[in-house]
1. Does the range 205-233 hold any residues that are among the polar types (S, T, N, Q) and either in contact with a helix residue (DSSP H, G or I) (Cβ under 7 Å, 6 or more places away or on another chain) or in a loop (DSSP other than H, G, I, E, B) (or both), and which are they?
2. Name every residue in the range 412-436 that is touching a Gly at 6+ places or on another chain (Cβ under 9 Å) and either at pLDDT below 90 or part of a strand (DSSP E or B) (or both), in order of residue number.
3. If I ask for residues that are open to solvent by 30 Å² or more (accessible area, probe 1.4 Å) and either modelled with pLDDT under 95 or aromatic (Phe, Trp, Tyr) (or both), which ones from the range 120-141 would you list?
4. Quick one: which of Val238, Val260, Val163, Val244 is free of Cβ contacts under 8 Å to residues at least 40 places away in the same chain, under 29 Å from Gln122 (Cβ atoms) and either crowded, with 18+ Cβ neighbours inside 10 Å or among the basic types (Lys, Arg) (or both)?
5. Find the residue count for the range 36-61, including only residues that are modelled with pLDDT of 95 or more and open to solvent by 60 Å² or more (accessible area, probe 1.4 Å).
6. Looking only at the range 187-206, count how many residues are surrounded by fewer than 19 Cβ atoms within 10 Å (Cβ to Cβ), within 22 Å of Pro49 (Cβ to Cβ) and either within 24 Å of the chain's Cα centre (by Cα) or at pLDDT 95 or above (or both).
7. If Asp322 satisfies all but one of (1) open to solvent by 20 Å² or more (accessible area, probe 1.4 Å); (2) within 29 Å of Gly396 (Cβ to Cβ); (3) among the acidic types (Asp, Glu), what's the number of the condition it fails?
8. Pairs needed: first member in the range 127-143, basic (Lys, Arg); second member anywhere, open to solvent by 20 Å² or more (accessible area, probe 1.4 Å); C-beta distance under 8 Å; at least 6 residues apart or different chains.
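The values are calculated or read from the model by the stated rules, or taken from the named source; none is laboratory data. What you see is a predicted model; the values in this text were computed from it and never measured. Methodologically, a virtual Cβ is constructed for each residue, glycine included, from the backbone with ideal geometry; neighbour enumeration extends over all protein chains shown. Ligands, DNA and RNA are stripped out before the accessible areas are found, and what is left, the full protein with its side chains, is counted by its heavy atoms. Shrake-Rupley method; radii C 1.70, N 1.55, O 1.52, S 1.80 Å.
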Amino acid sequence: MLLLLSLSVQAQKRVRPVYPVPQKTPEVERLLSSRIPWTGSPLTKSSLPQSVDNSKLKYFPPLIDQKGGSCAQASGIGYMFTYEINRLLDADASSGEGIQFSYLFTWNFLNGGRDEGGFVEQGLNIAAKYGIMTEDAYGYSSVYQFKWASGYEKYLEAMRWRVAEVYTFNAETAEDISLIKQYLYNKGDGSSHGGIVTFSTLSSNWRINNNYDGPSETGYHSLLTSLATEGAHALTIVGYDDTVEAVDDEGNKHYGAFIVVNSWGSYSHDNGRFYLPYYFFENRGEEITEIQLSSTMTGISVRQHEPQLVFKVRLDYSSRDDISLVYGASEETDSNYPENRFTPVIFSNQGGDYAMQGAYSENGELEFALDYTEHLPQPDTRYGKYFLNIICSQRGQKSGSGTIEYFSVMDYRAEDGPREYVCKEAGSVPLAWGSNLFAVTTQPMLVVSASPCRWKEGDVPSSKTFVVRTADGKYAKLKFIGYDRQTGKVTLQSLYQGDGSRNLTETGNE
């Protein structure tokens, strides 16, 4: 018993690295500004229950003990996205019927191959535009492995789970707090269970009373009494309790607190949870900065997506930083370039100077998928040709090299099952600096017979006149009088005798 008690105390006092506040890049600023303000109407105080604890619902996953500086992804993907998908499916996140999603899947696309933090919204952007891999599919990864999982089916499944909308909530006034409580209670639409939200704060040198014994309906014994002064962190709010009492530094009593779930395992605080009094948000003053405690919170809605047209790719390259992808399509099978171009939110100069599967990996080959479904103008649109451009350029300290091993397009729209169109030029082909364009045609190649004669010499059409026999046994005289290398257009002059004779002395028509 003494040994167990000692281990528990050590776990609670485990020293966590202090991560600096991540920089808000222009892309992060764009993501933050694109959140949709949640506009539910606040219920009257008497209409809301005194407490809500969504972490006790079956939709909420087991507690996370985050790896490295992955708190934003642990909160946004590991907790919030997992909760919302299981809420959508009415499934138990901890049982075989539910799903747990990998926060390391997004973290290792966003951290640049370094143990550093980021923003919740970056992971949610991947969840909205690509999808999220499950824990079962992703598997184990150490902190410094910076793993990218390999396997077409894994990525195909990940594409099915998406963020639909990203919401923002102000959190500065009593009315703001009331709106957030309504969202936690029933998401503002009368649902039997509400949502959960994330927010950012500092977390080093905060004071938490782990012996709180004041009033509460939800029964936790950890209460935040003073905000932290350093160490960026993202946390998840799963409910509230209006009966909790807190006293500020000036001796004033305040009522009500959010229930916060941390991502430091079950031994932190009270089974990973603590109370965060409302008054820290409502009485910010100038002394509480946005970095110390964010004045907004983030929530999401989710959806299921069915991939219909998918690129299947296998690459072997020694530096992920050096690789970026562009993909597109054209209506005509003889096109040399795509009519439209798209850049995925992952596999784009990301992941550090590691082989495709990450550090410590003997296998540099990575098989993955890119979804083209939502780029189709109409659900039944069928292009004649699809393109994948692999752009190689040295971004890190290591100069990468490698090959494309496989490229195909999978079409799942056919009634008789999926059809795969394979690029025959993509097998173990070395990738050069700059653009490496590969294409797949969806029209079958025609089998024809011909004599071993060349119709052009270099880029110049032959001056010879050819006699050819048609499929029905008749004859034609043929001459090549023009060729445009850029467009592939060939101009012919021909004479055909409909009666089947070989009288080909007349001048043909272009």
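1. As a first pass, look at the range 205-233 and keep what is among the polar types (S, T, N, Q): 205, 209-211, 216, 218, 222, 225-226, 229.
Answer for the range 205-233, where residues must be among the polar types (S, T, N, Q) and either in contact with a helix residue (DSSP H, G or I) (Cβ under 7 Å, 6 or more places away or on another chain) or in a loop (DSSP other than H, G, I, E, B) (or both): Asn205, Asn210, Asn211, Ser216, Thr218, Ser222, Thr229.
2. Once the filter is applied, which keeps residues that are touching a Gly at 6+ places or on another chain (Cβ under 9 Å) and either at pLDDT below 90 or part of a strand (DSSP E or B) (or both), the range 412-436 yields only Pro430.
3. If the condition is that a residue be open to solvent by 30 Å² or more (accessible area, probe 1.4 Å) and either modelled with pLDDT under 95 or aromatic (Phe, Trp, Tyr) (or both), then Tyr140 is the only one that fits.
4. Working: Val238 fails: free of Cβ contacts under 8 Å to residues at least 40 places away in the same chain; Val163 fails: free of Cβ contacts under 8 Å to residues at least 40 places away in the same chain; Val244 fails: under 29 Å from Gln122 (Cβ atoms).
Result: Val260 is the single residue among Val238, Val260, Val163, Val244 that is free of Cβ contacts under 8 Å to residues at least 40 places away in the same chain, under 29 Å from Gln122 (Cβ atoms) and either crowded, with 18+ Cβ neighbours inside 10 Å or among the basic types (Lys, Arg) (or both).
5. If we filter the range 36-61 for residues that are modelled with pLDDT of 95 or more, which is where we start, we get 36-37, 49-61.
Narrowing further to those that are open to solvent by 60 Å² or more (accessible area, probe 1.4 Å): 36-37, 50, 56, 58.
So the count comes out to 5.
6. Within the range 187-206, residues that are surrounded by fewer than 19 Cβ atoms within 10 Å (Cβ to Cβ), within 22 Å of Pro49 (Cβ to Cβ) and either within 24 Å of the chain's Cα centre (by Cα) or at pLDDT 95 or above (or both) number 1.
7. Among (1) open to solvent by 20 Å² or more (accessible area, probe 1.4 Å); (2) within 29 Å of Gly396 (Cβ to Cβ); (3) among the acidic types (Asp, Glu), the lone unmet condition for Asp322 is (1).
8. From the range 127-143, the pairs are Lys129/Val345.
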